1. From the residues in the range 60-99 that are touching a residue at least 24 places away in the same chain (Cβ under 8 Å) and acidic (Asp, Glu), which one is farthest from Ala2 (Cα to Cα)?
2. Looking at the range 45-59, is at least one residue in contact (Cβ under 8 Å) with a residue 40 or more places away in the chain and either more than 22 Å from Val18 (Cα to Cα) or among the β-branched types (Val, Ile, Thr) (or both)?
3. Which of the helices (runs of 4 or more DSSP H) contained wholly in the range 1-108 include at least 2 residues that are touching a Cys at 6+ places or on another chain (Cβ under 7 Å)?
4. Scan the range 3-23 for residues that are at pLDDT 95 or above and small (Gly, Ala, Ser) and jot them down.
5. Filter the range 72-89 for residues that are crowded, with 17+ Cβ neighbours inside 10 Å and in contact with a strand residue (DSSP E or B) (Cβ under 8 Å, 6 or more places away or on another chain) and give the result.
6. If we scan the range 28-40, do we find a residue that is closer than 20 Å to Pro98 by Cβ, among the small types (Gly, Ala, Ser) and surrounded by 15 or more Cβ atoms within 10 Å (Cβ to Cβ)?
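The values are calculated or read from the model by the stated rules, or taken from the named source; none is laboratory data. Because the structure is predicted, anything quoted here is derived from the model rather than measured. Ideal geometry is used to build each Cβ from the backbone, glycine not excepted, and the neighbour counts take in all protein chains shown.
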Amino acid sequence: MAEAIFRAEIKRRKIKYVDAASAGIFAEDSTCINEKSAVCLRELGIDFSKFKPRQLKHKMVETSYLVICMTKAQSELLDAFENVYSVRDVAGFDIPDPYGQDLSVYRKTAAMLGVAVSKIIDTFFADGAPAANNLFNKGGRL
């Protein structure tokens, strides 16, 4: 949901040259999005047709401008990289994984993602490009 919500928001704000790609630290092999995530995104009117779950790879982290983990604990697993932060670092709260829980938890997660995405964009891409004066400036991909 994070990737789709981020992409929808940068499109809504007409921010160019910024993209998002999500990957899970412990992602399952699958060819489609979780059905409860799909329900939430449909309810929000967000297209996710091009999404495919994928496992996080070392090269992805190295070549990304910024990596935002949903929880502080996840970011600590990747603390060797200077471009890795958590939602808590930017927005002040963690976003726990809703996997295996009921649809209401997925809806709450989607709402939290909306708030976090706005804060991430305001912090790093407010002028439509990666912040030049930002410590995290490495490229152009979140």
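1. Glu82
2. Our first condition is that a residue be in contact (Cβ under 8 Å) with a residue 40 or more places away in the chain; within the range 45-59, this holds for 46-48, 51.
Imposing the further condition that a residue be either more than 22 Å from Val18 (Cα to Cα) or among the β-branched types (Val, Ile, Thr) (or both) reduces the set to 46.
Scanning the range 45-59, I find at least one residue that is in contact (Cβ under 8 Å) with a residue 40 or more places away in the chain and either more than 22 Å from Val18 (Cα to Cα) or among the β-branched types (Val, Ile, Thr) (or both), so the answer is yes.
3. Working: elements: 2-12, 35-44, 58-63, 72-77, 87-91.
Hits in the range 1-108: none.
4. Ala4, Ala8
5. Filtering the range 72-89 down to residues crowded, with 17+ Cβ neighbours inside 10 Å leaves 74-75, 78, 83-88.
Gln74, Ser75, Leu78, Asn83, Val84, Tyr85, Ser86, Val87, listed by residue number.
6. yes
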